[in-house]
Amino acid sequence: MDYGKFRYQQSKKEKISKKKQHVIHVKEIRLRPTIDEHDIEFKMKHARKFIEQGNHLKIRILFRGRQIIHPELGQAVLSRVENELNDIAKKESDPIYENRSITAIFVPK
């Protein structure tokens, strides 16, 4: 068996398999618990665009200073985001409470 020919065929198979792969990107949007009405609408336009492109979306609610003692404000913002994106995306898992943030990942339906 010709080893050079074998290597050539293997490299061709690898190129073909790489062409058929689809890479999933995770886009992130950062919000604050005291975000204003217009600002959240603006961010949701970007979120819809990301999901319609087939990307996963990570929503991160960041707390500053003493805001961390009121996680219910961040949870309210996250539930609003979930209601806004409910028609085109679903939540992958429950929100994750990290150091000074709440993170949720949304995937296209």
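A short reminder: the numbers here are calculations on the coordinates, not readings from a lab. What you are looking at is a predicted structure, and each value in this text was computed from that prediction instead of being measured. In this analysis, Cβ positions are derived from the backbone assuming ideal geometry, glycine residues included, and neighbour counts consider all displayed protein chains.
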Quiz item: When the stretch 12-42 is examined, which residues are found to be of a type in the set (A, V, I, L, M, F, W, C), in a helix (DSSP H, G or I) and surrounded by fewer than 10 Cβ atoms within 10 Å (Cβ to Cβ)?
Solution: Ile16
Quiz item: In the stretch 46-72, how many are of a type in the set (Phe, Trp, Tyr) and within 15 Å of Ile35 (Cα to Cα)?
Solution: 1
Exercise. May I ask you to verify whether Ile51 is assigned to a helix (DSSP H, G or I), β-branched (Val, Ile, Thr) and surrounded by fewer than 16 Cβ atoms within 10 Å (Cβ to Cβ)?
Key: no
Self-check item: Residue, farthest from Arg30 (Cα to Cα), within the stretch 58-79, restricted to residues that are among the basic types (Lys, Arg) and not in a helix (DSSP H, G or I)
Solution: Arg64
Exercise. For the stretch 51-67, indicate whether the set of residues that are within 21 Å of Lys109 (Cβ to Cβ), more than 13 Å from the chain's Cα centre (by Cα) and not β-branched (Val, Ile, Thr) is non-empty.
Key: no
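Yes/no per residue for (1) in contact (Cβ under 8 Å) with a residue 40 or more places away in the chain; (2) touching a helix residue (DSSP H, G or I) at 6+ places or on another chain (Cβ under 9 Å); (3) surrounded by 13 or more Cβ atoms within 10 Å (Cβ to Cβ):
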| position | (1), (2), (3) |
| --- | --- |
| Leu57 | yes, yes, yes |
| Phe63 | no, yes, yes |
| His70 | no, no, yes |
| Leu73 | yes, yes, yes |
| Val81 | yes, yes, yes |
| Asp87 | no, no, no |
| Ile96 | no, no, no |
| Ile102 | yes, yes, yes |
| Phe106 | yes, yes, yes |
